[in-house]
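Take a look at the structure set out below.
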Amino acid sequence: MTFKEQLLQGIPNELPEPTPLDPEINHAPKRKAILNPEEKKLALQNALRYFKPEHHKTLLPEFRQELEDFGRIYMYRFKPDYKMYARAIDEYPGKSTQAKAIMLMIQNNLDHNVAQHPDELITYGGNGAVFQNWAQYLLTMQYLAIMEDDQTLAMYSGHPMGLFPSNQNAPRVVVTNGMMIPNYSQPDDWEKFNALGVTQYGQMTAGSYMYIGPQGIVHGTTITVLNAGRKIAKKNENLSGKLFVTSGLGGMSGAQPKAGNIAGCVTICAEVNEKAIKTRHSQAWVDEVITDIRLLAERVSKAKKDKEVVSIAYHGNIVEIWEYFAENDIYIDLGSDQTSLHNPWAGGYYPVTLSFEEAKEMMANNPEQFKTEVQESLRRQTTAINKHTAKGTYFFDYGNAFLLEASRAGADILAKNGDFRYPSYVQDIMGPMCFDYGFGPFRWVCASGKEEDLAKTDKIATEVLERLIQESPAEIQQQLEDNIRWIKGAQQNKLVVGSKARILYADAIGRIEIAKAFNKAIENNDIGPVILGRDHHDVSGTDSPYRETSNIYDGSRFTADMAIQNVIGDSFRGATWVSIHNGGGVGWGEVINGGFGMILEGNKQSEKRLESMLFWDVNNGIARRSWARNKGAVFAANRAMQIEPKLKVTLPNMVDDSLF
């Protein structure tokens, strides 16, 4: 069968032959056993309902074994035999260009060069899933292949509930992930209901089909590290010769060494999984690999002295670095952590007391002891970090729930007033410097798959930003300058992994003007169709009290109105698909994430949609942030109202503190 025929077939009528797991692929760790016998029966019944009754007798023992061996039913037998990657949009079958764009993005999320655990349909973060099993993938792709532009596909946590009649202006797909009843949204609830096959953790852009590989986080990390460097600069010096220490090379965190190189510092990134290190080293996202802590210390000391720009992967535990460098008085300028601590008990964080293999065995077979080991490791890591910050190190939480889980472990992480001792990077950097002014991670994918189209869009975006900076106010000059620098260097830094995609931080005006220029180029046949999107980690899309909204101080950071309003508003303003998730980079129950995707087809309808939706998508967050009395957001709201007379934002009246 051809590729198109396989997509149109969906779940095959005849059972494919089972295939053994490839040991060379990075597989998800075994999930802890959490189902009782009756619940296991229910999980198997839930899995078998995808298949005709005559196949149940064959599949039942197989699925039972998967549940026993992995804690989940992935249906490995049904993994397609074609290569998984983002093909050119015209290689997909179907009647709807919009649906074809979504198929392209789904396959990009499962590309072996992009996905963290591709055979388990997990894109990043240890548990950020596109689907729960391969039957869901096959059925979803079939629906998209037969979809017309007056239908909408409803996706319930990876499960395609069906195609429903709608209209041409409605989204083609509406995605929800992990939307648990609040009283059933604790870690063990997630484990149980995911094992039952009725919900999944979509992360931020995994389950919403908008992940573009680690390039997305490279840009955010580069901006973060550059601005962190500005915070510690004594005489406006750059990061030359300064040391940035962090951890995690899997999924999104693998972007850190590349960002360190672009920012111009010495970077160490610790990682316990050798396969993850090999992947990043082979992709040239990290320069060197060292396995001995003493050799690492010697190499770093030389690099600092010589002011090299170099990134080093340390195959070992991050706690070893913090402790050894403290004992040997090696100064760390910037420090953070990007292990997946939103998922601490199931592979997101590996304790220093255990080897990688020992940890995987314990988390599956002795989860309570594993939790004890993780919390002890967090206490040790925090103690060592505190020794460094006492000497002047600037440490920040990079939105991975490090501060939160360290506090839950009883680590010395709280200040006298009960707040965390260290800031979130959003509180100190991204919130006041970027999000409040409307700047966030705007991204696009060239659906043609052509390298020359990506180069042309880079050039178009650069020209737009250079034009906008000439008339922009002083308050946003730095943001524009950083992004012009970024986009000009994007190609030489070899940032593309998977689809021909790009990201830069832009405000509403920048996003709209860049998108309009793309749409015009498509109309003129200069480039093929372009898919727009963003990380949920943005101005408006996410309510997350310890990350995206951590610099909201009016008490509303624990509410989720903004993310819900964002998705509802995007859906009737022209988005091709929308998504809303319970959970994201800081964990299930800790955040609500909203996202979108939009394809530009080079016509008037696309221009109308992009103007309406992109303006709302940013200014919804500007309005909320300005109401919280954030100075930059008040400035941005007033500017937005001057640009668009139909916009009327409720602005706060400031209260004089002396009254109290």
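Taking label positions 7 Å along the Cα-Cβ direction at both N417 and A33, the computed distance is 4.9 nm, reported to one decimal. With the helix formula -39500 (n - 2.57) applied to DSSP H stretches of n ≥ 4, the chain reaches a computed 222 nm mean residue ellipticity of -13000 deg cm²/dmol. Using heavy atoms of the protein chains and a probe of 1.4 Å, the accessible area assigned to K371 is about 80 Å².
The length gained on full extension between E466 and S355, counted as 0.36 nm times the residue separation minus their Cα-Cα distance, comes to 34.9 nm. With each label modelled as a point 7 angstrom along the Cα→C-beta vector, the M179-F558 pair spans 2.4 nm. The lysine pair count for the range 23-94, using Cα distances under 26 Å and pairs eight or more places apart or on different chains, is 16. Residues V649, V310 ordered from highest to lowest accessible area at a 1.4 Å probe: V649, V310. Residue ranking by accessible heavy-atom surface, 1.4 Å probe, largest first, among M155, M179 comes out as M179, M155.
Look at (i) 0.92; (ii) 1.07; (iii) 1.02: the one that is Cα Rg over 2.2 N^0.38 Å derived from this structure is (i).
For the pair the range 209-272 and the range 372-421, the centres of their Cα atoms are 20 angstrom apart. In the range 429-485, taking the dipole from charged Cβ atoms about the Cα centre, the farthest positive-side position among I429, Q479, L454 is held by L454. Net length available on complete extension from A284 to T650 is 126.9 nm, with 0.36 nm assigned per residue and the Cα-Cα distance removed.
Summing Lys and Arg as +1 and Asp and Glu as -1 over all other residues whose Cβ lies under 13 Å from the Cβ of R87 gives a net charge of +2.
Sort out for me the Cα centre separation of the range 538-617 from the range 65-79, rounded to whole Å. Distance between centres, Cα-based: 33 Å. Place a label point 7 angstrom from the Cα of E17 along the Cα-to-Cβ direction, then list the residues of the range 67-87 whose backbone nitrogen is under 15 Å away. In the range 67-87, the label zone of E17 (backbone N under 15 Å from the point 7 Å along Cα→Cβ) covers 77-79, 81-82.
Toward the positive end of the charge dipole of the range 493-609, with +1 on the Cβ of Lys and Arg and -1 on the Cβ of Asp and Glu, the farthest Cα among G569, G533, N593 is that of G533.
Each part gets one Cα centre, and for the range 285-330 versus the range 160-177 those centres are 50 Å apart.
Only protein heavy atoms count here; under a 1.4 Å probe, S407 has an accessible surface of about 40 Å². Each Lys or Arg adds one and each Asp or Glu takes one away; over the other residues whose Cβ falls under 15 Å from the Cβ of E405, this sums to 0. Over 28 Å between C-alpha atoms is what I'm after, so list which of K242/K371; K494/K604; K450/K488; K100/K450; K304/K456 land there. Listed pairs above 28 Å: K242/K371; K494/K604; K304/K456.
The calculated FRET efficiency for the pair L659 and N638, based on their C-beta separation and a Förster distance of 22 Å, comes to about 0.35. Of the residues E548, E513, the one with the largest accessible area comes first in the ranking E513, E548, computed with a 1.4 Å probe on protein heavy atoms. In whole percent, how big is the carbon plus sulfur part of the accessible area of the chain, probe 1.4 Å, protein atoms only? Ligands and nucleic acids excluded, carbon and sulfur give 50 percent.
With a cut-off of 8 Å between alpha carbons and a minimum separation of six or more residues, what is the relative contact order of the range 214-327 in percent? Before the final figure, lay out the partial values.
Numbers: 199 pairs, mean separation 32.4, N = 114.
Computed value for the range 214-327: 28 percent relative contact order.
Extending 7 Å from the Cα toward the beta-carbon at both K307 and K275 defines two label points whose distance is 4.2 nm. Surface exposure of the range 320-437, expressed per residue as accessible area with a 1.4 Å probe, stands at 38 Å².
The figure for E327 is an accessible area of roughly 140 square angstrom, using a 1.4 Å probe on the protein chains alone.
The values are calculated or read from the model by the stated rules, or taken from the named source; none is laboratory data. Treat the numbers as computed from the prediction; the structure is a model and nothing was measured. Reconstructed Cβ throughout: ideal geometry from the backbone, glycine too, with neighbour counts over all protein chains shown. For accessibility, only protein heavy atoms count, side chains too; no ligands or nucleic acids. Shrake-Rupley method; radii C 1.70, N 1.55, O 1.52, S 1.80 Å.
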